[in-house]
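Just below is one structure, and these are the notes that go with it.
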Amino acid sequence: VQLQAYGGGLVQAGGSLRLSCTAAKRTGSNNGMGWFRQAPGKEREFVAVISRNGQYTYYADSVKGRFTISRDSAKSTVYLQMNDLKPGDTAVYYCALARGPLTTPHRGDYQYWGQGTLVTVSS
């Protein structure tokens, strides 16, 4: 399964970016899809996840209220709208396909990962 993440870039603090992740044709339509991030020298951490049908979402406390995850199942695409970005959000962002249809913040519950897209937030 191939996941292609894109939309990263350089933005000033307080700005916004929208990340996208597209799965191969019709792949992932029965699975939850999530976003993780990894800052230099740190462990990869959970950011957000959306259930198979988009009904349920779950966010890390650090991004709650600023980030919004959504999906377009017809396009096999998941989005991460990031607002009010902070320098602490600087990281490589990865999309991932969960093993099941629901939401989970645990890395071990994801079976496929995209290649990552870099988000840099300047102060």
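Give me the pairs, please: first residue somewhere in the range 1-14 and surrounded by 13 or more Cβ atoms within 10 Å (Cβ to Cβ), second residue anywhere and among the basic types (Lys, Arg) and assigned to a strand (DSSP E or B), beta-carbon distance under 8 Å, and either six or more positions apart or on two chains.
7/18
Looking at 52, 37, which one is in contact with a helix residue (DSSP H, G or I) (Cβ under 9 Å, 6 or more places away or on another chain), within 20 Å of residue 9 (Cα to Cα) and open to solvent by 10 Å² or more (accessible area, probe 1.4 Å)?
The conditions single out 37.
So the check is Cβ under 6 Å with 6+ separation or different chains; which pairs have a first residue in the range 50-67 that's within 16 Å of residue 102 (Cα to Cα) and a second one that's assigned to a loop (DSSP other than H, G, I, E, B) and open to solvent by 70 Å² or more (accessible area, probe 1.4 Å)?
51/102; 52/30
Kindly indicate whether residue 23 is buried (at least 21 other Cβ atoms within 10 Å of the Cβ), in contact (Cβ under 8 Å) with a residue 24 or more places away in the chain and touching a strand residue (DSSP E or B) at 6+ places or on another chain (Cβ under 6 Å).
For residue 23, the condition - buried (at least 21 other Cβ atoms within 10 Å of the Cβ), in contact (Cβ under 8 Å) with a residue 24 or more places away in the chain and touching a strand residue (DSSP E or B) at 6+ places or on another chain (Cβ under 6 Å) - is met.
Among the residues of the range 64-123, count how many are assigned to a strand (DSSP E or B) and either crowded, with 16+ Cβ neighbours inside 10 Å or not small (Gly, Ala, Ser) (or both).
Count: 28.
Touching a residue at least 24 places away in the same chain (Cβ under 8 Å) and either within 12 Å of residue 3 (Cβ to Cβ) or over 12 Å from the mean Cα position of the chain (by Cα) (or both): is that true of residue 75 in this structure?
yes
With the condition kept exactly as written, say whether any residue in the range 92-109 is over 14 Å from residue 5 (Cβ atoms), free of Cβ contacts under 8 Å to residues at least 24 places away in the same chain and not small (Gly, Ala, Ser).
Yes, some residue in the range 92-109 is over 14 Å from residue 5 (Cβ atoms), free of Cβ contacts under 8 Å to residues at least 24 places away in the same chain and not small (Gly, Ala, Ser).
The values are calculated or read from the model by the stated rules, or taken from the named source; none is laboratory data. What you are looking at is a predicted structure, and each value in this text was computed from that prediction instead of being measured. For neighbour counting, all protein chains shown are included, and Cβ atoms are generated from backbone atoms with ideal geometry for every residue, glycine included. Just so you know, the surface numbers come from the protein's heavy atoms only, side chains and all, with ligands and any DNA or RNA stripped out. Shrake-Rupley method; radii C 1.70, N 1.55, O 1.52, S 1.80 Å.
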